[in-house]
Amino acid sequence: MHTTTDASPPDEADTAPPLQLVDTGTDLGSGFHVPASGDARMTWEYDLSDQRLMTLYQRGKDRQWDAATRIPWELDVDRDNPLGQPEELIPIHGSRAWERFGHDRRFVAQLFLHTTAWQFSQFLHGEQGALVCAARIVETVPDLESKFYASTQVIDEARHLEAYGRFVREKLGLLYPVNDALRTLLEQILADSRWDLPFLGMQVLIEGLGLASFGLLRDTTANGVAPLPHALLAYVMQDEARHVAFGRLALRQLYSELSDTERRDRQEFIIEGSRLLFRRFRGDEIWQVLGLDHADCVETVEKSPSMRAFRSLLFTRVVPTLRDIGLWDERVASAYEKLGVMRYAKHDLDTLMAGDEDAALAADREQRELALRRAQVHETMVVGAAPPAEGTASA
Ligand SMILES: [Fe+2]
Ligand SMILES: [Fe+2]
């Protein structure tokens, strides 16, 4: 592992640990450049006929929030277990490496820190991809209503990038490079000239998987277990419901008019992309960086019942959307069956998203209660520290 530049802005520099970039052997070069292709589009039709998209645009404007003030950044995060998780949730729990070193507190703390840093680093890279894709959608989508809506999504994604970036930098101090599978998929999406590909690849697939993953972590950090990451995840998820709704509205219409070949192309893209992203959840880089036996770790991650349940839950948000936009059929179902992710595929998207809204509001309440309790504790401490009033001093 080697240290690169400290990316903290000046006001965080005093308290933040120096940010370390984990060396996974990936050549990061000078960044990530994908030549753009396809048309930038403008329209001269200014009458706004799609009221559903305009309603979504209005909601996007109404629901803006500030990541700098809504998330309780003042709270400490325990780097030895940033999400307050039980040991059973460590992906290699039960492996030979675990049997050998699991009694060592430092080993367990390293596992908690690295698995969390790896997950949140990939969220961070994914959010940057989402920001660039949302901007691309503004540029390439033909109608004005979609351009209006997508522009609110650009600022949403910037906020997510800001929030995850600050969490990784300021609270974890450890950044993993972008995972190969995620980078390959981003490259495919951004290089493609078809304007619906950023929708399908980013909104449906990458964000669909991301959302399920955020949701699992949001729920395990609830009820005061880890209030800062919990609030961060709950607030980001609240925005994502609009993004998913946008993808569904935009693609449902377009995909009903596709030829068989065009539909098949999109299905191939989804199957391949799902396989790629599915593999990334093995967390290969973590085991390699920690110097553990790769085969032992991967075998445990693949076989463990809790990791299997985790992976099948990942697709709960993707499958209903694929059904909704007309891409779901026997072939896609059988590819998903082979990945072993069909167990939870029948979830209803609207119910899940209503739950996301409730979770964000509950996180707001939790913040208010926490702030009230801290104010009370502070008040008590001030009273306790005050010199005794005259005549009340003990003899
Ligand atoms: Fe996002
Ligand atoms: Fe999004």
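The values are calculated or read from the model by the stated rules, or taken from the named source; none is laboratory data. What you are looking at is a predicted structure, and each value in this text was computed from that prediction instead of being measured. Every residue, glycine as well, gets a Cβ built from its backbone with ideal geometry; the counts of neighbours run over all protein chains shown.
A few remarks follow.
- Residue match in the stretch 174-190 (condition: more than 28 Å from V298 (Cα to Cα) and in a helix (DSSP H, G or I)): yes
- Residue selection: A295 satisfies the criterion of being more than 16 Å from ligand 1 (Cβ to nearest atom), farther than 28 Å from V154 by Cβ and out of contact with any helix residue (DSSP H, G or I) (no Cβ under 9 Å at 6 or more places or on another chain).
- Yes/no for Q253 being within 16 Å of ligand 1 (Cβ to nearest atom), surrounded by fewer than 22 Cβ atoms within 10 Å (Cβ to Cβ) and of a type outside the set (S, T, Y): no
Here's the yes/no breakdown for (1) over 30 Å from H114 (Cα atoms); (2) exposed (fewer than 15 other Cβ atoms within 10 Å of the Cβ):
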site: G25; (1), (2): no, yes
site: H33; (1), (2): no, yes
site: S37; (1), (2): yes, yes
site: M42; (1), (2): yes, yes
site: E45; (1), (2): yes, yes
site: Q51; (1), (2): yes, yes
site: M54; (1), (2): yes, no
site: Y57; (1), (2): yes, no
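- Residues that are within 16 Å of ligand 1 (Cβ to nearest atom) and closer than 17 Å to G215 by Cβ, drawn from the stretch 99-132: Q119, F120, Q122, F123, G126, E127, A130
- For the stretch 156-171, a residue qualifies if it is acidic (D, E) and either in contact with a Leu (Cβ under 6 Å, 6 or more places away or on another chain) or not in a helix (DSSP H, G or I) (or both), and exactly one does: E157.
- The numbered conditions (1) at pLDDT below 90; (2) surrounded by fewer than 20 Cβ atoms within 10 Å (Cβ to Cβ); (3) under 28 Å from H114 (Cβ atoms) are all true for H294 except (1).
- Considering the stretch 180-205, the residues that are at pLDDT 90 or above and among the polar types (S, T, N, Q) include one that is nearest to D27 (Cα to Cα), namely T184.
- Filtered residues of the stretch 128-155 (kept if in a helix (DSSP H, G or I) and among the charged types (D, E, K, R)): R136, E139, E145, K147
- Flag for E285 being closer than 28 Å to L200 by Cβ, in a helix (DSSP H, G or I) and of a type in the set (D, E, K, R): yes
- Residue among L197, L186 that is under 29 Å from L53 (Cα atoms), within 16 Å of ligand 1 (Cβ to nearest atom), among the hydrophobic types (A, V, I, L, M, F, W, C) and touching a helix residue (DSSP H, G or I) at 6+ places or on another chain (Cβ under 7 Å): L186
- Hits in the stretch 254-291 (condition: acidic (D, E) and over 17 Å from R331 (Cα atoms)): E257, D284, E285
- Residue satisfying condition, being within 12 Å of ligand 2 (Cβ to nearest atom) and of a type in the set (G, A, S), within set A181, A117, A158, A191: A158
- Each residue in the stretch 200-227 was checked for being hydroxyl-bearing (S, T, Y) and more than 16 Å from ligand 1 (Cβ to nearest atom), and 2 pass.
- Number of the condition not met by L205 [criteria: (1) away from ligand 2 (no atom under 16 Å from the Cβ); (2) more than 11 Å from the chain's Cα centre (by Cα)]: (1)
- Condition check for S193: of a type in the set (S, T, Y) and in contact (Cβ under 8 Å) with a residue 24 or more places away in the chain: yes
- Scope the stretch 146-165; condition more than 10 Å from ligand 1 (Cβ to nearest atom), buried (at least 21 other Cβ atoms within 10 Å of the Cβ) and of a type outside the set (A, V, I, L, M); matching residues: S146, Y149, T152
- The selection criterion, being at pLDDT below 95 and either touching a helix residue (DSSP H, G or I) at 6+ places or on another chain (Cβ under 7 Å) or buried (at least 16 other Cβ atoms within 10 Å of the Cβ) (or both), holds for I92.
- Flag for F214 being within 12 Å of ligand 2 (Cβ to nearest atom), touching a residue at least 24 places away in the same chain (Cβ under 8 Å), touching a helix residue (DSSP H, G or I) at 6+ places or on another chain (Cβ under 9 Å) and in a helix (DSSP H, G or I): yes
- Here A135 meets the list (1) within 14 Å of ligand 1 (Cβ to nearest atom); (2) of a type in the set (A, V, I, L, M, F, W, C); (3) under 14 Å from the mean Cα position of the chain (by Cα) almost entirely, failing just condition (3).
- Cβ-Cβ contacts under 7 Å between residues 6 or more apart (or on different chains), taken from a first residue in the stretch 111-132 that is among the hydroxyl-bearing types (S, T, Y) to a second residue that is part of a helix (DSSP H, G or I) and more than 10 Å from ligand 1 (Cβ to nearest atom), are listed as T115/I286; T116/L172; S121/V168.
- The residue of the stretch 217-259 that is nearest to ligand 2 (Cβ to nearest atom), among those that are part of a loop (DSSP other than H, G, I, E, B) and of a type in the set (V, I, T), is T221.
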